[in-house]
Amino acid sequence: MIKRLENIELTVITNDCYEVASLKAIAGMITIDEKEKKVNFAQAAPRPMKLRNMKLYDGSLLSVVKKADGSMVMHSKAVDPSTVDDFATKMLQEAIGVQTKINEIKKG
């Protein structure tokens with residue numbers, strides 16, 4: 001069912017200081033009072049940001065992140081070994097860098 005309300009007063013309450021016209025989509029609640037010819041919209045409380053895994057080490061070949069449960073995960077970067085001069089030595093240097101960083105973190 002579609003109803004048309006004419007000559008209404010529109011109130012928009014947002015949590016941000018942005019102009020209403022610049023906002024693309026807002027989550028919230030709308031109330032319509034047909035007797036007083038008012039429409040009110042209140043923006044929902046913002047959701048907390050999801051915490052990302054903290055990056056402990058970010059080298060040219062390897063990176064290490066710490067997950068929310070405390071475990072550490074090592075990732076190798078997308079690199080073509082044939083394009084890296086002395087790949088084995090560089091990878092060993094990265095591994096030493098990772099171990100050094102982990103030791104620094106454990107010492108506090």
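Taken along its principal axes, the alpha carbon cloud of the chain reaches lengths of 78, 36, 28 Å, longest axis first. Note on the chain: lysine pairs with Cα distance below 21 Å, sequence gap of 8 or more or different chains, count 23. Computed across segment 59-108, the Kirkwood hydrodynamic radius from all distinct Cα-Cα pairs reaches 12.0 Å.
The modelled label-to-label distance between Lys107 and His75, using points 7 Å beyond Cα along the C-beta direction, is 2.8 nm.
Taking the solvent-accessible surface of protein heavy atoms with a 1.4 Å probe, what is the per residue accessible area of segment 5-108 in Å²?
Numbers: 8690 Å² over 104 residues.
Accessible area per residue, segment 5-108: 84 Å².
Sorting 25-34, 91-100 by average packing, meaning the other beta carbons within 10 Å per residue, from highest down gives 91-100, 25-34.
Percent of accessible area on the chain owned by carbon and sulfur, 1.4 Å probe? Spell out each step's value before the answer.
Details: 5140 of 9380 Å².
With neighbouring chains kept in place, the figure for the chain is 55 percent.
The values are calculated or read from the model by the stated rules, or taken from the named source; none is laboratory data. Only a predicted model underlies this, so the values are computations on that prediction, with no experimental measurement involved. A quick note on method: Cβ atoms are made from the backbone with ideal geometry, for glycine too, and the neighbour counts reach across all protein chains shown. Accessible surface is based on the protein model in full, side chains and every heavy atom, while ligands, DNA and RNA are left aside. Shrake-Rupley method; radii C 1.70, N 1.55, O 1.52, S 1.80 Å.
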